[in-house]
Amino acid sequence: MNKETMIKKYSNGEITIVWKPGVCIHSGICVRGLPLVFNTVLKPWINMQHTDTTQLMAQVNQCPSGALSYYNNDEEDEHSVEVQAETKLEAVPSGPLLVYGNVLIKDAFGHETRKNKVTAFCRCGQSDNKPFCDGTHKKAGFKDGIVPSE
């Protein structure tokens, strides 16, 4: 299994956190928010025993790429959870455009993708996963107001 299709799951008995490394843009929001839970130096890097379920869910909901998600262990389908909230857009300084809420994205070929919680869209134009951010803006040196040279 390669990194793009890999899925790892971590559970505390109440919820299961799902991590998709191939989707992760390494924004570090998880690590800065709950450093005792999300520690990239340790294996496994997610240790859910250092906080309660409510804090875990709140932190995972802040993941800009959707690489982290969760589902309640008593739910049959992890994709059945939808956020019931007002849609909010936020431009991350020198980074992606974050869209909070439920969105339906239709690409140029008519393919539809439904995203819940937080979705990160590319603003630098360099992503290999357009329209979504893949973290390439860091390597490309993207800065607000400055177009990277090709």
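The values are calculated or read from the model by the stated rules, or taken from the named source; none is laboratory data. Since the structure is predicted, the reported quantities are computational estimates derived from the model, not experimental observations. No Cβ is skipped: glycine too gets one built from the backbone with ideal geometry, and neighbour counts run over all protein chains shown.
What the table below lists for this structure:
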{"read-out": "Residue list for the stretch 9-34, filter: of a type outside the set (A, V, I, L, M, F, W, C), within 25 Å of His137 (Cβ to Cβ) and surrounded by 12 or more Cβ atoms within 10 Å (Cβ to Cβ)", "value": "Lys20, Pro21, Gly22, His26, Ser27, Gly33"}
{"read-out": "Filtered residue count, the stretch 106-150, keeping only those that are assigned to a strand (DSSP E or B) and among the acidic types (Asp, Glu)", "value": "1"}
{"read-out": "Neighbours by Cβ (under 6 Å, 6+ apart or cross-chain): first from the stretch 133-144, closer than 11 Å to Cys24 by Cα; second among the β-branched types (Val, Ile, Thr)", "value": "Cys133/Ile25; Gly135/Ile25"}
{"read-out": "Residue in the stretch 89-105 that is assigned to a loop (DSSP other than H, G, I, E, B), at pLDDT below 85 and in the same structural domain as Thr136 (by TED's automatic domain parsing) present", "value": "yes"}
{"read-out": "Restricting the stretch 65-88 to residues that are assigned to a loop (DSSP other than H, G, I, E, B) and over 16 Å from Lys9 (Cβ atoms), the residue that is modelled with the highest pLDDT", "value": "Ser65"}
